[in-house]
1. Given the conditions (1) outside any loop (DSSP other than H, G, I, E, B); (2) touching a helix residue (DSSP H, G or I) at 6+ places or on another chain (Cβ under 6 Å), report the number of the one that Glu99 does not fulfil.
2. Within the stretch 43-97, how many residues are over 15 Å from Leu224 (Cα atoms) and touching a residue at least 60 places away in the same chain (Cβ under 8 Å)?
3. When you go through (1) among the β-branched types (Val, Ile, Thr); (2) part of a helix (DSSP H, G or I); (3) farther than 19 Å from Ala9 by Cβ one by one for Val111, which number turns out not to apply?
4. Right, Ala46: open to solvent by 10 Å² or more (accessible area, probe 1.4 Å), small (Gly, Ala, Ser) and over 16 Å from the mean Cα position of the chain (by Cα) or not?
5. Can we say Ser229 is under 15 Å from the mean Cα position of the chain (by Cα), part of a helix (DSSP H, G or I), polar (S, T, N, Q) and crowded, with 18+ Cβ neighbours inside 10 Å?
6. Being under 16 Å from Cys38 (Cα atoms) and near the ligand (Cβ under 10 Å from one of its atoms) is the filter here, so list the residues in the stretch 172-201 that pass it.
7. Go over the candidates Ala88, Ala165, Ala143 one by one and state the one that is under 25 Å from Leu49 (Cβ atoms) and either away from the ligand (no atom under 16 Å from the Cβ) or over 18 Å from the mean Cα position of the chain (by Cα) (or both).
8. Being over 21 Å from Leu149 (Cβ atoms) and among the small types (Gly, Ala, Ser) is the filter; apply it to the stretch 163-187 and report the residue that is least open to solvent (accessible area, probe 1.4 Å).
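The values are calculated or read from the model by the stated rules, or taken from the named source; none is laboratory data. From a predicted model like this one, the values you see are computed outputs, not experimental measurements. Here the Cβ positions follow ideal geometry from the backbone for every residue, glycine too, while neighbour counts run over all protein chains shown. Side chains are part of the model used for accessible areas, which takes the heavy atoms of the whole protein and leaves out ligands, DNA and RNA. Shrake-Rupley method; radii C 1.70, N 1.55, O 1.52, S 1.80 Å.
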Amino acid sequence: MTERKALVAGNWKMNGRLDEGSALARAIAERAREADACDLLVCPPATLLVPIGKALAGSGVALGGQDCHAAPSGAFTGSISAEMLRDAGCSHVIVGHSERRHGCGESDADVLAKAQAAWRAGLVAIVCVGETRAERERGTAIAVVTGQLAGSVPDGAAADNLVVAYEPVWAIGTGLTPTIADIAEMHAAIRRHIPAGTRILYGGSVNPKNAAEILALPEVDGALVGGASLKAEDFWAIAQAAR
Ligand code: 13P
């Protein structure tokens with residue numbers, strides 16, 4: 001079986017200004033320099049990519065974008081291309097986060113084009129999938145998620161260019177999580193649809209208290225962390241639980 005090193009990624013979303021963001025990144029970098037950790041990734045807002053990249057330099061903590069446009073450049077006011085993220089020091093980009101799929105109306109086809117853009121720029125695409133509360137209650141969660149995978153993971157996916165993040169929409173920012181059995185079942189289902197060795201992260205209300213139990217599941221290869229990634233000690237505690 002292919003060895004899959006755990007990855008803990010912090011999605012800061014639209015949080016952080018220069019001073020606090022830099023301090024947070026420095027605190028994470030300091031811990032990462034001092035102790036062994038799993039693979040770590042920080043995804044700050046685009047305005048902070050360059051200074052956060054500097055704060056993380058030499059720590060082994062990677063830098064990622066939260067979204068990208070599918071085109072390399074052009075008349076797309078307010079958008080950022082995968083090439084620009086690469087230029088700012090990123091190695092990864094999140095695509096298809098539910099706050100983009102549901103909040104901004106992005107389709108599977110949009111997400112697929114963004115993942116292709118990530119690869120064109122040499123970035124790892126973190127493709128997010130996840131069902132709504134209603135879909136879980138209807139018993140269609142696995143069908144929804146595997147459908148999202150089929151529609152938004154491009155041909156050519158491999159363990160070194162793709163990470164899948166399973167984030168149930170109803171678990172994001174709510175303090176709610178699926179049962180351990182439901183997470184295990186979903187990750188096993190996802191595993192059957194992606195190349196061997198590809199990492200599958202769980203995301204949605206991960207915190208220092210629940211991380212160990214979730215991360216102990218054999219098909220869970222790390223976490224995509226929102227709120228708890230904004231505190232260095234919480235993010236670090238989750239990273240330690242993933243080792
Ligand atoms: P929370 O950890 O705040 O629930 O957010 C999860 C998430 O959306 C990460 O991308």
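1. Answer for Glu99: the failing condition is (2).
2. First, the residues of the stretch 43-97 that are over 15 Å from Leu224 (Cα atoms): 45-60, 68-91.
With the extra rule that they be touching a residue at least 60 places away in the same chain (Cβ under 8 Å), the set shrinks to none.
Selection size over the stretch 43-97: 0.
3. (3)
4. On the way: open to solvent by 10 Å² or more (accessible area, probe 1.4 Å): yes; small (Gly, Ala, Ser): yes; over 16 Å from the mean Cα position of the chain (by Cα): no.
So Ala46 does not fit the description; no.
5. On the way: under 15 Å from the mean Cα position of the chain (by Cα): yes; part of a helix (DSSP H, G or I): yes; polar (S, T, N, Q): yes; crowded, with 18+ Cβ neighbours inside 10 Å: yes.
So Ser229 passes the test.
6. Result: Leu201, single match.
7. Just a single option satisfies the conditions, and that option is Ala88.
8. So the residue we want is Gly175.
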